[in-house]
Amino acid sequence: MTEAYLSYNNIVSSLGFDSETVVNSIHNEVSGLQLIEDKARFSQPFFSSLIDEKTLKDSFANLKPEGDFTRLEHMMITSLNNVIETSKIPLTKRVGLIISTTKGNIDALDKNSKFPKERAYLSVLGHVIKDFFNVKNDPIVVSNACVSGVLAVAMAKRYIDQGVYDDVFIVSGDIVTEFILSGFNSFQALSSQPCKPYCKNRTGINIGEVAASVLVTNNKQNLAKEAVIILGAGSCNDANHISGPSRTGEGLFRSIKSAAKEAQISLDSIDYISAHGTATPFNDEMEAIAFSRLGINDKPLNSLKGYFGHTLGASGLLETIVGMHSLFNNTLYTSLGFEELGVSQPINVITQTTKKSMNIFLKTASGFGGSNLAAIFKKVNNV
């Protein structure tokens, strides 16, 4: 089987417009979450991590675009451009493009949008990005709730394993809109405070926005210093409820077992878990149960939602990129917002940013519709 590597990467977020700046902010326990009091966005105050509008417009303008582009397209193209330029890979027929998002250009449906409603189609978003970079192959658009970002990584690995592509660029993104906020508010899932994953005092999620990009490649030569091997991935649907996860963690349990089987490793060799940790009562409890059933609840674990909020379809890729840097830096980053354990099973939530020699990490994600995904990554030697 051909090895697939995660290599060059970029994050465009409230904490900065490149991965190193973002990870440095996380190291210093700086959160991008702020109280937003803007009735044009939502009828009540909410905590979110919003990308600075002026910085985004200026960065996008440097690319000398022609035509009109949505805010999400600004974010995604800015992020992906960084990775394409840094990797120096020509966009031939051997290069694929995967776009992952939950809601895409959902703001095109707003009454005051200057874009036609057709712009909200995910296929249109895919072709806008393809055409901007003149990618030779049609884009693959992945929209499977909140596992979309890391599912795109698993799909890219499959394409490389099967010899379809030598290189695959992935870009993930979602924006904060009234439509999305009102949806989560209707579930009574929005917190009026910064979120507290796995904490006894958690009261729900914050919604954030981000764009993240990465190169998946079969070429071990020209890799980024923080590159990792994708050892294995697994995805199982728990078929429980449209918005409620399995009470037994069955889908996540099976996903992790499947990923470990493909990776051909023992779960004992995992050094760190980058978990989903939305700070909702049901998600955090489900994850703790799944980790306990697998006997990995003693592994150091964090959720990055305290830094960005829940960035929907982009969250999995964003957190995978931070995990790559965590391995490279041999550093466990604190799970911001956590104070006191609030799940039924004991889990080892990271409470202090700490140096630790690491080799392998597990990334998990779960989402609406019962979706679950687990992926296992290992440091690349001699890089």
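Summary of computed values
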item	result
The stretch 25-57 - residue that is in contact with a helix residue (DSSP H, G or I) (Cβ under 9 Å, 6 or more places away or on another chain) and closer than 15 Å to ARG71 by Cβ and, of those, surrounded by the fewest Cβ atoms within 10 Å (Cβ to Cβ)	ALA40
Which listed residue is among the aliphatic types (A, V, I, L, M) and either at pLDDT below 95 or under 18 Å from GLU319 (Cβ atoms) (or both), from ILE289, ILE256	ILE256
Flag for SER43 being closer than 19 Å to PHE17 by Cα and of a type in the set (S, T, N, Q)	no
Filter pass, VAL135 being closer than 30 Å to ALA40 by Cα, out of contact with any Pro (no Cβ under 6 Å at 6 or more places or on another chain), in the same structural domain as GLU209 (by TED's automatic domain parsing) and of a type in the set (Val, Ile, Thr)	no
Residue match in the stretch 92-105 (condition: in contact with a Phe, Trp or Tyr (Cβ under 7 Å, 6 or more places away or on another chain), in contact (Cβ under 8 Å) with a residue 40 or more places away in the chain, assigned to a helix (DSSP H, G or I) and surrounded by fewer than 20 Cβ atoms within 10 Å (Cβ to Cβ))	no
MET324 in the same structural domain as PHE291 (by TED's automatic domain parsing), assigned to a loop (DSSP other than H, G, I, E, B) and either out of contact with any helix residue (DSSP H, G or I) (no Cβ under 9 Å at 6 or more places or on another chain) or touching a residue at least 40 places away in the same chain (Cβ under 8 Å) (or both)	no
Residues (at pLDDT 95 or above and closer than 17 Å to ASP110 by Cβ) located in the stretch 37-58	LEU50, GLU53
Looking only at the stretch 332-362, and only at residues there that are within 28 Å of SER100 (Cα to Cα) and among the polar types (S, T, N, Q), the one that is surrounded by the fewest Cβ atoms within 10 Å (Cβ to Cβ)	ASN359
Scan of the stretch 124-154 for residues that are within 14 Å of GLU73 (Cβ to Cβ), assigned to a helix (DSSP H, G or I) and in contact (Cβ under 8 Å) with a residue 12 or more places away in the chain, ordered by number	VAL124, LEU125, GLY126, HIS127, VAL128, ILE129, LYS130, PHE132, PHE133
Hits in the stretch 338-355 (condition: out of contact with any Phe, Trp or Tyr (no Cβ under 7 Å at 6 or more places or on another chain) and assigned to a strand (DSSP E or B))	ASN348, THR354, LYS355
Scan of the stretch 160-193 for residues that are of a type outside the set (S, T, N, Q), within 19 Å of the chain's Cα centre (by Cα) and outside any strand (DSSP E or B), ordered by number	ILE175, VAL176, ILE180, LEU181, PHE184
Qualifying position, being within 27 Å of PHE47 (Cα to Cα) and touching a helix residue (DSSP H, G or I) at 6+ places or on another chain (Cβ under 6 Å), among LEU341, LEU332, LEU317, LEU301	LEU317
PHE308 being under 13 Å from GLY277 (Cα atoms), modelled with pLDDT of 95 or more, crowded, with 24+ Cβ neighbours inside 10 Å and under 18 Å from the mean Cα position of the chain (by Cα)	yes
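The values are calculated or read from the model by the stated rules, or taken from the named source; none is laboratory data. Everything numeric here is computed off the predicted structure, so don't read it as measured data. When we count neighbours, we look across all protein chains shown, and the Cβ atoms used for this are built from the backbone with ideal geometry, even at glycine.
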